[in-house]
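The values are calculated or read from the model by the stated rules, or taken from the named source; none is laboratory data. Everything numeric in this text was worked out from a predicted model, so none of it was measured. Quick reminder, even Gly has a Cβ in these numbers, built from the backbone with ideal geometry, and neighbours come from all protein chains shown.
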Amino acid sequence: MSDEPLDQVANLRDVAHSDPRLRPGVLWRSAQPQVGDGTPREVDAWPPATVLDLRSAAEVPGTGHPLLAPGTEVHSVPLLDHAGDPNALEQRRRPLVDVYLSMLEQGTGLLRAADLVASSPAPVLVHCAAGKDRTGLVVALVLRLVGVPREAVLADFALTTDAMPDVMRRLLATSPLPPGADLSTLPAEYFTAPTDALAAVLDVWDAHEGGTAGWAIAHGAAPDLVDRLRAQLL
């Protein structure tokens, strides 16, 4: 059992570690922050200037976002409408590769998140509930759009596996399971960061004419998105 305190944001890291060309202090990723969290040890200042919350409406408490404060702007960019719905158990048992590829089919939320990363004051924090699946896709998209190598993107994604015990401790401490829910019925990959699932997404982007940028443009991204991301992150 981890000794990480419950009042520290779990699975938090600066994605600049992925590539020496990335500027530190610009883009962070994490699991969901919670009321009462202290200033994370990993950063010099808290809260971030911009927060992208990828959770569905059912996952967000009625009290609002815990990081909403003067100087911090929070954007809601839900990526999975069924997340947090206790009646959507079958959705939560789908193989993660299917879940990830389904997020690509629409593309709108992923591209809106990438556009906000490009245009918002830094540091920008991207989070969902665990900071694993939805956050993983948004971060992967942004990193690939600015040319971070595929293997570096997968390596950053894989780091979440080690963070999952702390993530689950915090989630279960504040959000008890609905009646009848049983974590043991979920696929084991739901408690890790399976690189093969993310690799399937990268395959789609790599196979597209023009690569990841070509995929983004084909799904409605602004023509200058890559240029603005590069100006923000590099």
Seminar exercise, completed: When the stretch 119-163 is checked residue by residue, the ones that are farther than 24 Å from residue 214 by Cβ and of a type in the set (Lys, Arg) are 132
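Among the residues of the stretch 99-120, how many are in contact with a helix residue (DSSP H, G or I) (Cβ under 9 Å, 6 or more places away or on another chain) and in a helix (DSSP H, G or I)?
Of the residues in the stretch 99-120, the ones in contact with a helix residue (DSSP H, G or I) (Cβ under 9 Å, 6 or more places away or on another chain) are 99-101, 103-104, 107, 109-111, 113-115, 117-120.
Then drop every residue that is not in a helix (DSSP H, G or I), which leaves 99-101, 103-104, 109-111, 113-115, 117-119.
Of the residues in the stretch 99-120, 14 are in contact with a helix residue (DSSP H, G or I) (Cβ under 9 Å, 6 or more places away or on another chain) and in a helix (DSSP H, G or I).
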Seminar exercise, completed: Counting only residues that are under 15 Å from residue 16 (Cα atoms) and surrounded by fewer than 21 Cβ atoms within 10 Å (Cβ to Cβ), the stretch 108-145 contains a total of 2
Seminar exercise, completed: Over the stretch 216-234, the set of residues touching a residue at least 60 places away in the same chain (Cβ under 8 Å) and either touching a Cys at 6+ places or on another chain (Cβ under 8 Å) or more than 28 Å from residue 25 (Cβ to Cβ) (or both) is 219, 220
Problem set entry | Selection from the stretch 1-49 of residues that are touching a helix residue (DSSP H, G or I) at 6+ places or on another chain (Cβ under 9 Å) and not in a loop (DSSP other than H, G, I, E, B) | 13, 15, 16, 17, 18, 27, 28, 29, 30
Exercise. Looking at the stretch 50-71, which of the residues that are touching a His at 6+ places or on another chain (Cβ under 9 Å) and part of a strand (DSSP E or B) is nearest to residue 144 (Cα to Cα)?
Worked result: 52
Seminar exercise, completed: Of (1) buried (at least 20 other Cβ atoms within 10 Å of the Cβ); (2) farther than 28 Å from residue 68 by Cβ; (3) at pLDDT below 95, residue 153 satisfies every one except (3)
Problem set entry | Enumeration of residues in the stretch 24-39 that are surrounded by fewer than 19 Cβ atoms within 10 Å (Cβ to Cβ) and under 18 Å from the mean Cα position of the chain (by Cα) | 24, 25, 26
For this session: Could you list, in sequence order, all residues of the stretch 46-81 that are without any contact (Cβ under 8 Å) to a residue 60 or more places away in the chain, hydrophobic (A, V, I, L, M, F, W, C), in contact with a Ser or Thr (Cβ under 9 Å, 6 or more places away or on another chain) and farther than 15 Å from residue 112 by Cβ?
Result: 46, 57, 60
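Looking only at the stretch 50-84, filter to residues that are among the β-branched types (Val, Ile, Thr) and more than 12 Å from residue 126 (Cα to Cα); which one of those is modelled with the lowest pLDDT? Show your work before the answer.
Initial filter on the stretch 50-84 (among the β-branched types (Val, Ile, Thr)): 50-51, 60, 63, 72, 74, 77.
When the remaining residues are screened for being more than 12 Å from residue 126 (Cα to Cα), the result is 60, 63, 72.
Details: 60: 86, 63: 80, 72: 97.
Filtering the stretch 50-84 for residues that are among the β-branched types (Val, Ile, Thr) and more than 12 Å from residue 126 (Cα to Cα), the one modelled with the lowest pLDDT comes out as 63.
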For this session: Being surrounded by 17 or more Cβ atoms within 10 Å (Cβ to Cβ), more than 29 Å from residue 121 (Cβ to Cβ) and touching a residue at least 12 places away in the same chain (Cβ under 8 Å) narrows it down to one of 165, 187, 194, so name that one.
Result: 194
For this session: Could you list all residues from the stretch 188-215 that are over 18 Å from residue 31 (Cβ atoms), charged (D, E, K, R) and either part of a helix (DSSP H, G or I) or under 16 Å from the mean Cα position of the chain (by Cα) (or both)?
Result: 196, 203, 206
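Among the candidates 213, 207, single out the residue that is at pLDDT 95 or above and surrounded by 13 or more Cβ atoms within 10 Å (Cβ to Cβ).
On the way: 207 fails: surrounded by 13 or more Cβ atoms within 10 Å (Cβ to Cβ).
Sole residue among the options that is at pLDDT 95 or above and surrounded by 13 or more Cβ atoms within 10 Å (Cβ to Cβ): 213.
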For this session: Report, by residue number, each residue of the stretch 1-23 that is out of contact with any Gly (no Cβ under 9 Å at 6 or more places or on another chain), modelled with pLDDT of 90 or more and loosely packed, with under 13 Cβ neighbours inside 10 Å.
Result: 20, 23
Exercise. For residues in the stretch 43-84 being among the charged types (D, E, K, R) and over 16 Å from residue 131 (Cα atoms), which is surrounded by the fewest Cβ atoms within 10 Å (Cβ to Cβ)?
Worked result: 44
